[in-house]
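For reference, the structure discussed in these notes is given below.
Bear in mind these aren't lab numbers, they're just calculated from the coordinates by the rules spelled out. In this text, all values refer to a predicted model and were calculated from it rather than measured experimentally. So basically every Cβ, Gly included, is an ideal-geometry build from the backbone, and we count neighbours across all protein chains shown.
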Amino acid sequence: MVLPKVEPFDRYADRYDGWFDRHRATYESELRAVRRLIPEGMGLEVGVGSGRFAYPLGVRLGVDPSDRMLEKALERGVDVVKAVGEALPVRDSCLDYVLMVTTVCFLDDVVSAFREVYRVLKPGGSVVVGFIDRESMLGRLYNRRRRDSVFYRVAEFYSVDEVVSMLGKTGFRSFEFVQTVFHGLQHGEVEEVREGYGEGSFVVVRAVKPGSRGSDG
């Protein structure tokens, strides 16, 4: 049985992947923002999609529930495993970081997924979450038009405060934020990356699993 949130990505894989070429400047802006906070070490991307972030960021392993997305990520050189964020096929405390980009809006249970991320991270490891802020310009636009999108009709958008709250519930600490995409998708130029949130539509938050690397426990 195909899960409702997976079916659009299997059925419209080429349309999804083509978005990054049609909106190259926005994509590059988001890449720069994620790169600002992604740490070194062994990492995993949850919701790897077609590998558009994992490959250029040097993330070697990705998981996703969509067969078609996994095929495209594999073609880009990412090692992939079919799995959902709420049940990661990874042993405890073995990763330096976990990346999630535009994934939280498609999860069935965000808190359960964050618990899984916490489990697989080493003490002092980081989760890096990139997402469209529901309260931003694009977030409000996507919400209004969600029924017109084969992808966003099954999505649940969250505010920065909601994402931070869910991360905090699962034990993460030491939050850092950057933001980008201050204009519409047709802006056509790569945008700057600023610290904080509240202005840009795309927000990246990094949080730490307390432990021996000097986190604030």
Note on the stretch 7-208, DSSP bridge orientation, antiparallel percent to nearest 5 equals 50 percent
Return the tail of the calculated pair distribution for the stretch 103-208, meaning the percent of Cα-Cα pairs more than 21 Å apart.
38 percent
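Which FRET efficiency value, to the nearest 0.05, is calculated for Met137 and Arg36 with the Förster distance at 22 angstrom and r the Cβ-Cβ distance?
Values: r = 21 Å, r/R0 = 0.94.
With a Förster radius of 22 Å, E is 0.60.
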Which of rounded, prolate or oblate describes the stretch 84-160 when judged by the alpha-carbon gyration tensor and an a/c cut-off of 1.5?
prolate
For the chain, the longest stretch holding no trypsin sites (Lys or Arg not before Pro) located in a DSSP loop with at most 12 other Cβ atoms within 10 Å is which?
1-90
Straight-line reach from Lys82: which lysines fall under 20 Å, measuring Cα to Cα and dropping same-chain residues less than 8 apart?
Lys5, Lys72
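Kindly provide the helix-only [θ] at 222 nm of the chain, computed as the sum of -39,500 (n - 2.57) over DSSP H runs of four or more divided by all residues, to the nearest 500 deg cm²/dmol?
Result for the chain, helices only: -9000 deg cm²/dmol.
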Quick check: Cα centre of the stretch 121-152 to Cα centre of the stretch 1-76, how many Å?
14 Å
Can you give the Kirkwood hydrodynamic radius of the stretch 46-97 from its Cα pairs, in Å with one decimal?
10.9 Å
Positive-end residue, the chain charge dipole about Cα centroid, Cβ charges, pick of Val81, Val190, Val101
Val81
Please compute the modelled spin-label separation between Arg60 and Arg22, points set 7 Å along Cα→Cβ, answer in nm with one decimal.
3.6 nm
Based on Cα positions only, what radius of gyration and what Dmax would you give for the chain, in angstroms?
16.0, 47
